[in-house]
1. Only one residue in GLU842, GLU881 is out of contact with any Lys or Arg (no Cβ under 6 Å at 6 or more places or on another chain), exposed (fewer than 13 other Cβ atoms within 10 Å of the Cβ) and modelled with pLDDT under 75, so which one is that?
2. Going by the conditions given, is SER888 in contact with a Gly (Cβ under 6 Å, 6 or more places away or on another chain), part of a helix (DSSP H, G or I), within 21 Å of SER657 (Cβ to Cβ) and among the polar types (S, T, N, Q)?
3. Quick check on this structure: which one of ALA273, ALA282 is under 21 Å from ILE424 (Cβ atoms) and open to solvent by 10 Å² or more (accessible area, probe 1.4 Å)?
4. So, in segment 899-933, how many residues would count as being without any contact (Cβ under 8 Å) to a residue 12 or more places away in the chain, acidic (Asp, Glu) and surrounded by 11 or more Cβ atoms within 10 Å (Cβ to Cβ)?
5. Could you tell me how many of the residues in segment 726-762 are over 14 Å from LEU673 (Cα atoms), among the hydroxyl-bearing types (Ser, Thr, Tyr) and surrounded by 15 or more Cβ atoms within 10 Å (Cβ to Cβ)?
6. Would you check if ASP426 is in a helix (DSSP H, G or I), closer than 22 Å to LEU495 by Cβ and either open to solvent by 70 Å² or more (accessible area, probe 1.4 Å) or at pLDDT below 85 (or both)?
7. Does LEU502 qualify as being modelled with pLDDT under 80 and assigned to a helix (DSSP H, G or I)?
Amino acid sequence: MRRRLTLWLVTAVFKLATAAFLLRATVGEQMADNKRVIITYTYGPDAEENGLGIGFADDLEGRLPLRNVAWQNPLGFSKGNTSPPRVIELLEVELKRYSPEMFPRAMPGTLYHSPYFLHLYLVTTDDSEFYKGTVRKQIQEWLNVVANKKNQEWLIVYLINAESKGKSARFLGVGASSVFDKLKSDFSFKKERCIRMKLQNDPGKDAEAWTDFQNHLKEGIISSLNQQIIQYDEDTRRIDQQRLMPGWNYCQYFIMKEGLAYTFEFMNLIDEALLQYDELEASFFQTLAEQGAPWFAKFGGLEPEDDSANILELQRKPYRDMIMQNKISIFDFRVSLFPFFREAWVYSACVNVICHCDELVAVSSLQPEILAGYDGEKADLLRCARIQLDKLGVASGTYRDAPGIGFASTHATAPDPESASSAIKDSLQKITNSELRSSLFSAEAFDELYLRNSICRFAEAAAVWEPLQKQFPNESWDVLDDLLAEKLASCWKMLSNQDRYLQSCLHLVACPTIATQRRIKYFVDELIRTSHEASEVLHVENSPLLHLNVKNVINTISDDGQLLIALDVTNRLPEELEFDQILLRLVSSDGIEFYCSMNDIKLGVAKSLIQLSGQKVTISGTYVVDSVTCQIGKLKLIYRDLGSFPITGGAVPFRISADLPDQTWSQDANSTLQIKLFTGSQALKEGCIMITGSTLSFPNIKSMLFRTSSVAETGAHVKECAIDTVENKIMLPAVSSFEQLSFLMPFQESVKAASGDHKVKLTFTYTTLDGKRHIWYETETINLTPAIEVTHAIVYNPEAKSHANCKSQRIDERFNGSGSVFEQPRYEFPVVYHLRPKPDAEGKQSPIAENAKIQLDVAYHDLDKEIEEYFLASLDKLLSERDMTQYSGCLMHYICDMLVPNIDILQYALKDIISLPPLDLPGLHAMLRSERPETINRIEEFLTVFHEV
């Protein structure tokens, strides 16, 4: 007997792995298909003719299953303790065309569990005569069948089409009763059995009609359910009360109790069904103790193939017929009935066989090929044991959707340990394997037992799983890919390979085949934890985890402005995600980079709109969104190809100019440039300037002398300082607001320009007092042609008062005096000076000494510079009055670049009048096109006032 039992165990457990899948694919699905609530429908020739009947049935089928069905156990009222109401979230319903032959007769000795809960008859005619003569008779014939079905409900549905018009109303005149009124009169009886449904081809109104109709369906189904529950409860209590009477049979009690369990299963009330089986088991053991189970003729397990049968194949024997005929053995009864018996028995069988075989292998000398074969068979047994652990862990709530916890139960929905029903816990407590039972109530003990039932050769397993996962990445084998990724993740975690484990977690949370929210949450938590513990940064491009879209770009023009980018981020997980930083990189066609970012972002489920900010763009052009990097710890999700945007560069609050030196520097004007930096409302903390030119070359210098003076105070003290250059960069000192910084830069003319004009590019990188770093480019055109050429001749004639050959202007000044003259462009203007010696202390003039040296100093300035300074002074004043100094940089560049070049300089020179051109609105809007509309309106209003003033 022992040898035979061992043979049976070995044969059975080797088949368990395959059986687990077959059980789900065949028996489980078949049971799920059979256990559906069925609603029947039928209609007469009126609905057949106009097509409303079949159309309504099709529409109704498309609106199934029913959702949120309210139910309260009626047994609570009968027993005096009202049970709380509950909601059946999803109720699978099958719609079938009615036929009188669809109700099979229950054979003697059998119990028929009817899936029919509700019957519908559809009426569409509006002809009263046709109703009286035909439809009423057909309804009565239908009602004679369905009304006699025990615990089943029925409804008559009067359908009204939007285009139908009542013939009875047309021909019978006012006061004629409608068909619907006749239906209610003929068939309503004690409760409302007739309902009217009017479809108006209006989606909004039709939705209300369908909702109301579905509520009637729910009421009918619940009414049928409660009638069945009460009937089954009465029958089982009657049989239970006869327990101690001679001839009482447990199998009869079982069939009746199981009928109630089946009814609950139809309604997707699984926990209520399981409670019936728990009560059955409790009654079984009680009766066994009291009477010894005389209705079981034998223990069983001795029939042909019982020693090698697959115990999970519930259709191997006619278990239900054997129960009804009282011919079932205890062994077959346990296999067919009690919850968790199969799982616990199979698990124990697998573990016991492995332990026994391991003891034999330890004391034997086997060939390597035999050991390899044994390892394979042992792995199958362990896998089978883990499948049973999966199922038991899901039922108990200790199964935490962790990676590697089972191949068969990957997509099982596990309840929380706290929410596991008391009925389930009671059933688990009856498992006799103490080690297995204790592990089902402790997550730590469950994990430990699970690992003990693994071979733990994780490195070798990873070497197998990894190439398999990469071999078919685009074959749409999502479920298989998900399972492989989960297995691989468990290996990396057990090997403490955080970097690889992070990759696997990311793959799993982004995989659309993950079904349960708890499982997704587990891997999201693991992803976040591992991303902070990983040793290396993981870059992943275009992960399906997120979808990004750049909505708009705003480049603010204020002196302390920013670049603002609105970014739509769609989180494709049903879990909230927290990112350390999201960084967006903009690149221009010239390779200039700007960055926007946001830190500590929480992305909710579905779509979120976030605003990234960074230093404002100072150089106009088309910018490509080169990349967006979303970072969690060491994990960086990089997204590319997000479009391009034209951005108008915002002006900086400084102005840089390059020209020939003015009279404040005693340098050679033909070989030195004077660079001027004007600060506005913002001060300069530090900065540097690089000067380049295609026709001018600039030597490397070790140190640069700077002069700083206030532009707000006339005759302000000039400060000087010298700073060493760094890598050919001119390092600037700190400059306060409203100051001018100037320095001289020597150059050589490497290429002669025909017009004398040379372009110089100034790259200005600076940091303001708030620590923000900016970059600015300025291109200056410099003309090296001398502004004034002077030729002179000296005639010694003390009595001469004018020159006969030229126009003259008397300048009554002393020898060391000066004169002021306006000079037009490209015009020769002869000037005659009458030179007189300076009088001595007594007022006498001494004669001019022979060979005396005379020095003529000519100081000049351009009138456009004079106008520019005037406008800038007026701008500063008006900005202060209107509290708009934050726009000084932008408006300063508007005046210098768009306003002053259009002033008539000659008119100003001759008439001392400045005529401002009209406000260039298109040019202004082009300059501000990357700003907010409200800011553009404010600047436009300000410049309108400025032009008027």
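The values are calculated or read from the model by the stated rules, or taken from the named source; none is laboratory data. Just so it is clear, the structure is predicted and the values come from calculations on it, not from any experiment. Here the Cβ is made from the backbone with ideal geometry for all residues, glycine too, and neighbour counts use every protein chain on show. Remember, those area values only see protein heavy atoms, side chains included, never the ligands or the DNA or RNA. Shrake-Rupley method; radii C 1.70, N 1.55, O 1.52, S 1.80 Å.
1. GLU842
2. Against the criterion (in contact with a Gly (Cβ under 6 Å, 6 or more places away or on another chain), part of a helix (DSSP H, G or I), within 21 Å of SER657 (Cβ to Cβ) and among the polar types (S, T, N, Q)), SER888 qualifies.
3. Working: ALA273 fails: open to solvent by 10 Å² or more (accessible area, probe 1.4 Å).
ALA282 is the lone residue from the list that is under 21 Å from ILE424 (Cβ atoms) and open to solvent by 10 Å² or more (accessible area, probe 1.4 Å).
4. Number of matching residues: 1.
5. Residues that pass the stated criteria total 1.
6. Taking the combined requirement at face value, the residue does not satisfy it.
7. So LEU502 does not fit the description; no.
Listed here are the residues, each with its yes/no results for (1) farther than 23 Å from PRO115 by Cβ; (2) of a type in the set (A, V, I, L, M).
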{"residue": "ILE229", "(1), (2)": "no, yes"}
{"residue": "ILE239", "(1), (2)": "yes, yes"}
{"residue": "GLN242", "(1), (2)": "yes, no"}
{"residue": "CYS251", "(1), (2)": "yes, no"}
{"residue": "LEU260", "(1), (2)": "no, yes"}
{"residue": "GLN286", "(1), (2)": "yes, no"}
{"residue": "ALA289", "(1), (2)": "yes, yes"}
